[in-house]
Amino acid sequence: MAKETLRWRVDALCPDTGVLAAAGEVIRRGGLVAFPTETVYGLGAHAGDAAAIAALFAAKGRPPEKALILHIAAREELWFYVKEVSPLAARLIEAFWPGPLTLVFKSSGRLPAAVTGGLPTLAVRVPAHPVALGLIRAAGVPVVAPSANLSGRPSPVTAAAVLADLGGRIDAVIDGGPAPLGVASTVLDVTGEVPRVLRSGAVGAAEIAAVTGTVPEGAAGKGGSFRFGIPLILVEGAGAAVRAEIERLYTRFTTAGKKVGVIAREENAARYPGLVIPCGREGDVGSLAACLYVAIGQLAAAVDLVLLEGPPEETGFALRLRRLAAQVIRVEEGL
């Protein structure tokens with residue numbers, strides 16, 4: 001008999017903690033919960049529960065020999081599940097996590113063989129979506145999450161698409177609106193000296209090469225990075241100068257008849273006019289990465305261009321932002 005699949009609607013940037021707690025409890029007791037990530041909707045299950053893994057494969061109609069991707073909420077959790085993190089992998093983590101890059105490591109063997117498909121490796125990523133991160137933290141257990149669709153069907157980008165495939169087969173879906181990227185994460189094997197693309201996705205080979213200095217094996221040419229359908233203007237530099245430049249650009253573009261959105265750190269959001277989405281905190285690049293794709297996705301339907309406060313420090317993620325941006329403006333105090 002088919003089960004009733006609950007549908008919990010939440011705000012993508014600020015999800016209801018009660019919903020996340022309830023969904024986390026479902027996963028802890030071995031149930032299946034679909035949820036949005038920045039790429040597509042995933043189907044979450046307790047990675048340490050062999051029965052839950054079997055139920056996941058059955059719900060999807062997925063061959064049990066196919067490995068699953070472990071989703072974690074912070075890079076610090078990685079060390080428990082893998083044997084080593086090479087300097088090359090560390091650079092990729094610093095540049096792309098949270099984000100749509102899955103990395104394949106040598107497994108520590110602490111999860112059931114069903115997770116790895118019997119292989120000595122484990123695929124891991126930190127998703128860049130507040131709902132996904134909140135659910136993983138609320139579950140308090142390791143969470144695997146393949147796409148939330150029947151095997152062979154398109155990966156879902158909305159909760160409605162999840163229900164069309166898996167309604168009555170899973171316990172719940174958290175509806176956080178459309179997944180902003182709509183394309184799967186890139187899967188990159190970092191167990192060797194040269195990274196190797198196992199699945200092409202949202203992160204292009206050129207982006208990876210910019211961080212590692214080497215075009216990954218298995219890449220179909222250098223490729224390109226995923227970009228949203230609206231221009232993103234990144235403003236970098238010292239705090240006060242960045243704010244002044246964004247205000248100047250806002251006035252310039254709105255006077256020209258453009259609809260302009262702003263993505264600013266939580267501390268600064270109230271300083272700007274117009275449609276502003278708070279995203280990230282001062283001095284915490286990870287918090288910006290965790291909500292950036294969702295923020296841009298929400299603005300894309302309402303504005304002609306987006307102005308973004310860049311991180312003040314030089315990091316791998318700053319490089320990622322520059323490659324996503326249509327234009328990068330660098331300002332300094334007093335200029």
(message) Which count do you get for residues in region 86-96 that are more than 17 Å from the chain's Cα centre (by Cα) and farther than 14 Å from A123 by Cβ?
(response) 5
(request) Could you please find all residues in region 246-302 being among the hydrophobic types (A, V, I, L, M, F, W, C), assigned to a strand (DSSP E or B) and open to solvent by less than 50 Å² (accessible area, probe 1.4 Å)? (result) V260, V262, I263, A264, V276, I277
(request) Could you tell me whether R125 is open to solvent by less than 20 Å² (accessible area, probe 1.4 Å) and of a type in the set (D, E, K, R)? (result) yes
(request) Could you please let me know if E313 is assigned to a strand (DSSP E or B) and either over 29 Å from G177 (Cα atoms) or more than 22 Å from the chain's Cα centre (by Cα) (or both)? (result) no
(message) Let me confirm something: among G274, G213, which residue is of a type in the set (G, A, S), within 21 Å of S86 (Cβ to Cβ) and over 20 Å from the mean Cα position of the chain (by Cα)?
(response) G213
(message) If a residue counts only when it is among the charged types (D, E, K, R), which strands (runs of 3 or more DSSP E) contained entirely in region 112-209 have at least 2 such residues?
(response) 196-199
(message) Pull out all pairs, ordered by first then second residue, where Cβ-Cβ is under 8 Å, the residues are six or more apart or on different chains, the first lies in region 103-128 and is at positive phi and among the charged types (D, E, K, R), and the second is modelled with pLDDT of 95 or more and outside any helix (DSSP H, G or I).
(response) none
(message) Considering only region 204-212, I want to know if a residue exists there that is open to solvent by less than 20 Å² (accessible area, probe 1.4 Å) and touching a His at 6+ places or on another chain (Cβ under 8 Å).
(response) no
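Here's the yes/no breakdown for (1) at pLDDT 95 or above; (2) open to solvent by less than 10 Å² (accessible area, probe 1.4 Å); (3) among the acidic types (D, E); (4) within 23 Å of R29 (Cα to Cα):
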residue: G140; (1), (2), (3), (4): yes, no, no, yes
residue: R153; (1), (2), (3), (4): yes, no, no, no
residue: V187; (1), (2), (3), (4): yes, no, no, no
residue: S200; (1), (2), (3), (4): no, no, no, no
(request) Tell me, please, whether a residue that is under 21 Å from P130 (Cβ atoms), in contact with a strand residue (DSSP E or B) (Cβ under 7 Å, 6 or more places away or on another chain) and in contact (Cβ under 8 Å) with a residue 40 or more places away in the chain can be found in region 57-67. (result) no
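The values are calculated or read from the model by the stated rules, or taken from the named source; none is laboratory data. Being a predicted model, the structure only gives us computed values, none of them experimental. Note that we place each Cβ from the backbone using ideal geometry, even for glycine, and neighbour counts take in every protein chain shown. For the accessible areas, the whole protein counts, side chains as well, though only heavy atoms, and no ligand, DNA or RNA atoms are used. Shrake-Rupley method; radii C 1.70, N 1.55, O 1.52, S 1.80 Å.
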